[in-house]
Amino acid sequence: MKNLLLLLLIFLIHTHVSAQMGVGAKKPAKAQMLFDGSKEMLHEKWTYWKGPRLKAELPIKWQIVKDPVDEGFAMNSNDPAAAGGLYGAADIVTKQEFRDFRLHVEFLVQNEGGNSGVYLQNRYEIQILDGDYGLHGMAAIINEHLPTVQAYNGTGKWNAYDIMFRAARFKNGQLTEKARVTVYFNGQKIHEDKEIQQVWGGPNSGLDGGNDGGKGITDLPGGIKLQAEGHDVLYRNIWIREMKLNKKSTDFR
């Protein structure tokens, strides 16, 4: 009887966690919604990142569009100011800044070669790039870690990143532990507790990108940033839960 109850408990825990991962995952009670498909939430919680290449002007020009697959609405990252792949020209970032967190982001690439990216703390990019599987390709921790599983659903379909992130640690102003991250892609683990070395892409890419070639990480929180690259990449159902990860680990589930 005890064994049966234990198995039931494990099943219920697994089912509960699984329901909070992958496409369509529901926001847990302790998390906050960052984008629910509405124009109101877009303008309430997001702004343009004021980086050195900023060309866009408020209000945000990302369009709210009908969800091409399901009911509801999404936002399109194809801001006219970023035409030609000018990353940093019209990227949007949350007004609130974060340290440790659990993040859920759903995206849909409408056309072949579609390009965008999810930035953790406006520093570390989890790549979105259709048709490329490599260190600069889909689901890579850009330029550092290749995803262990190719879990991309393809163009015209919704995909989901579920991310546990632990910010870099400092003591007396000195970096003592680098940032760490675990990523699930459409419910499959693709990065397990990976250490992130630096910010890539220079000053136009995000916080600290121009600081010592991206290696000069500072002890500052940062927002969740979505990249505009002149492509029709849609986003929906974005939520986050602030965490306090005391242990040097980001693995979950």
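Fully extending the segment from K95 to T148 would add 15.8 nm, taking 0.36 nm per residue of separation and subtracting the current Cα-Cα distance. Counting charges near G214 (Lys, Arg +1; Asp, Glu -1) among other residues having Cβ under 12 Å from its Cβ returns a value of -2. Since only I224, L146, F101 are under comparison, the one whose Cα sits farthest along the positive direction of the charge dipole of the chain, derived from C-beta charges on Lys, Arg, Asp and Glu, is F101. Computed from the Cβ-Cβ distance with R0 of 25 Å, the FRET efficiency linking N111 to K248 stands at 0.05.
Looking at the chain, the accessible area is 47 square angstrom per residue; that uses a 1.4 Å probe and ignores ligands, DNA and RNA. Too long at a 20 Å Cα-Cα cut-off: which of K50/K95; K30/K248; K45/K244? Table pairs above 20 Å Cα-Cα are K30/K248; K45/K244.
For the chain, the fraction of 1.4 Å probe accessible surface lying on carbon and sulfur atoms is 52 percent.
Along each principal axis, taking the top coordinate minus the bottom one, the Cα set of the range 127-195 gives 48, 21, 18 Å in descending order. State whether the range 115-246 is rounded, prolate or oblate according to the following rule on the C-alpha gyration tensor (a ≥ b ≥ c being the square roots of its eigenvalues): a/c under 1.5 gives rounded; otherwise a/b larger than b/c gives prolate, and the remaining case gives oblate. Prolate is the answer for the range 115-246, as a/c is 1.5 or above and a/b outweighs b/c.
Panel values: the chain, Kirkwood radius from alpha carbon pairs, Stokes-Einstein at 37 °C and 0.692 mPa s, translational diffusion coefficient 178 µm²/s. For the pair S38 and E195, label points projected 7 Å from Cα toward Cβ lie 4.4 nm apart.
The values are calculated or read from the model by the stated rules, or taken from the named source; none is laboratory data. This one's a predicted model, so the numbers in the text were calculated from it and none came from an experiment. Note: ideal-geometry Cβ built from the backbone for every residue, glycine included; neighbour counts use all protein chains shown. These area figures cover heavy atoms from the full protein model, side chains too; ligands, DNA and RNA do not enter into them. Shrake-Rupley method; radii C 1.70, N 1.55, O 1.52, S 1.80 Å.
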